[in-house]
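Heads up: the structure comes next, in structure tokens.
Values in this text are rule-based calculations from the coordinates and carry no lab data. This one's a predicted model, so the numbers in the text were calculated from it and none came from an experiment. So basically every Cβ, Gly included, is an ideal-geometry build from the backbone, and we count neighbours across all protein chains shown.
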């Protein structure tokens, strides 16, 4: 009986600590879906670099996206992405102020 109770406690703790990947954003280019880009975003989310609903900058300008939906369509094609950086909340708040609290995704394109 005590083994069952111990197992149930461990299971409850595991489930309560598990991150909810349903809250991540998915990114699509105008012309394609990029599995590599989404994998990179998800990896940085799981590492704690960015949190849910990070601020998104493209070529130095804030890109406004609907944070209530989970898919963002970028205003450029897949082959135009030249650089990608993920900034944690502490660093992005120094650059972007309060809006950078959840981290930032910075993209550079060859306009």
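Structural remarks
- Over region 30-111, the hull volume per residue, using the convex hull of the C-alpha atoms, is 90 Å³.
- Additional length obtainable on full extension of the chain from residue 59 to residue 71, 0.36 nm per residue less Cα span: 2.3 nm
- Estimated FRET transfer efficiency when R0 is 22 angstrom, pair residue 82-residue 51 (beta carbons, to 0.05): 0.30
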